[in-house]
Amino acid sequence: MVATSAARSRARGWTGVALLVVAFATAMLGTTLPTPLYPEYQRVFGFGELMTTVVFATYAVGVVAALLLFGRWSDQLGRRPMLQAGLALSAASALVFTFADATAWLFAGRVLSGLSAGIFTGTATAAVVDVAPEDGRARASLVAAAANMGGLGLGPLLSGVLAQYAPIPLKLCYLVDLGLVVLAGVAVALVAEPVERARRPRLTPQRIAVPAGMRGAFTRAAIAGFAGFAVLGLFTGVSPAFLGTVLHNENRALVGVVVLVLFAASTAGQLVSARLGERRAMIVGCAGLIAGMVLIGASLPLASLPVLLAGAVVAG
């Protein structure tokens, strides 16, 4: 009876959405914290740009593994347990980075971060839509997308500012992140569970399949989505090196601002795309990616920060 009463008192509606958005943004924030710190890791651990790219890309291994292995688990176990698992992995990643004293630790931290993001992204988006009022679920989906991109953009800003203006630059941002993860865990605990746990959960890997009638649309969307995330990853990975080696500006806070511009523009683009319709949004989005990459590419020989920022806005 006490458990039932507690469950009924948990948040739903827009209050539940707000709590989940806080947790969602926090989890995504943790995945991009290392971005402004890679030049410092290079100096301390003695590796070059190629190794930075490999460390950065390791995150994708964790994301794909989580999507394939755990993609259906929240339907079987409930949203909240999987969100809590994602936050636990996020905390583990932050701890690994906090105590990192060799390059191998960075790989482990990135894999854990990818696993956290892979679990959290789909589960949190579904949970936000599930707890929202029925007449506001389309809006809740956009709110979830904004929380995702907003968190990704805030991560480099937080770590860049702390690394530039506060002590222990390679540790403090992760300690702050651990505190935020604890608060996110409280937020998740306060939200009502929108999915009934299966009596006999079938915890099997996600089977990859696309219905025959949808394959044409899926292929077009998948190519565009791959290109979009490739641009986000490329920009996030190389912008610290661009500022340091081309512009000779090693201000880590500036790196955070530059990456934030890209993700803020991406968030704005998602909000606008809802009004364009799917076909028009796809065409405009792909054209924007091409134009943005042209500007980003041109910023290198021009050694121009304004051109780089313009490219980030357009591509985002």
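Exactly one residue out of 25, 60 is small (Gly, Ala, Ser), touching a residue at least 60 places away in the same chain (Cβ under 8 Å) and under 20 Å from residue 258 (Cα atoms): that is 25. Scan the range 47-62 residue by residue and report those that are open to solvent by 20 Å² or more (accessible area, probe 1.4 Å) and small (Gly, Ala, Ser). Listed by number, the residues that qualify are 48, 57, 60.
For the range 161-190, a tally of residues being β-branched (Val, Ile, Thr) and in a loop (DSSP other than H, G, I, E, B) returns 1.
Just one of the listed residues (276, 254, 295) is more than 21 Å from the chain's Cα centre (by Cα) and either buried (at least 18 other Cβ atoms within 10 Å of the Cβ) or assigned by the TED database to the domain that holds residue 154 (or both), and it is 295. Within the range 75-101, residues that are in the same structural domain as residue 21 (by the TED database) and modelled with pLDDT under 90 reach partners that are open to solvent by 40 Å² or more (accessible area, probe 1.4 Å) and part of a helix (DSSP H, G or I) with beta carbons closer than 7 Å, at six or more positions or on different chains, in the pairs 79/130. Just one residue in the set 221, 230 is surrounded by 13 or more Cβ atoms within 10 Å (Cβ to Cβ) and either at pLDDT 85 or above or of a type outside the set (D, E, K, R) (or both); that residue is 221. Set side by side, the residues 154, 162, 106 differ, and just one is surrounded by fewer than 24 Cβ atoms within 10 Å (Cβ to Cβ) and over 18 Å from residue 85 (Cβ atoms), which is 154. For the range 63-71, indicate whether the set of residues that are in the same structural domain as residue 21 (by the TED database), in contact (Cβ under 8 Å) with a residue 60 or more places away in the chain and open to solvent by less than 30 Å² (accessible area, probe 1.4 Å) is non-empty. Checked against the condition, which is being in the same structural domain as residue 21 (by the TED database), in contact (Cβ under 8 Å) with a residue 60 or more places away in the chain and open to solvent by less than 30 Å² (accessible area, probe 1.4 Å), the range 63-71 yields no hits at all.
This table checks each residue for (1) of a type in the set (A, V, I, L, M); (2) free of Cβ contacts under 8 Å to residues at least 24 places away in the same chain; (3) within 28 Å of residue 308 (Cβ to Cβ).
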{"position": "197", "(1), (2), (3)": "no, no, no"}
{"position": "206", "(1), (2), (3)": "no, no, no"}
{"position": "216", "(1), (2), (3)": "no, yes, no"}
{"position": "220", "(1), (2), (3)": "no, no, no"}
{"position": "226", "(1), (2), (3)": "no, yes, yes"}
{"position": "233", "(1), (2), (3)": "no, no, yes"}
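Are any residues in the range 191-229 assigned to a helix (DSSP H, G or I) and closer than 23 Å to residue 69 by Cβ, and if so, which ones? Residues satisfying the conditions are 218, 222, 225, 226, 229.
The values are calculated or read from the model by the stated rules, or taken from the named source; none is laboratory data. Note that the structure is predicted; figures quoted are calculated from it, not measured. Cβ sites come from the backbone with ideal geometry, for glycine too, and all protein chains shown count toward neighbours. These area figures cover heavy atoms from the full protein model, side chains too; ligands, DNA and RNA do not enter into them. Shrake-Rupley method; radii C 1.70, N 1.55, O 1.52, S 1.80 Å.
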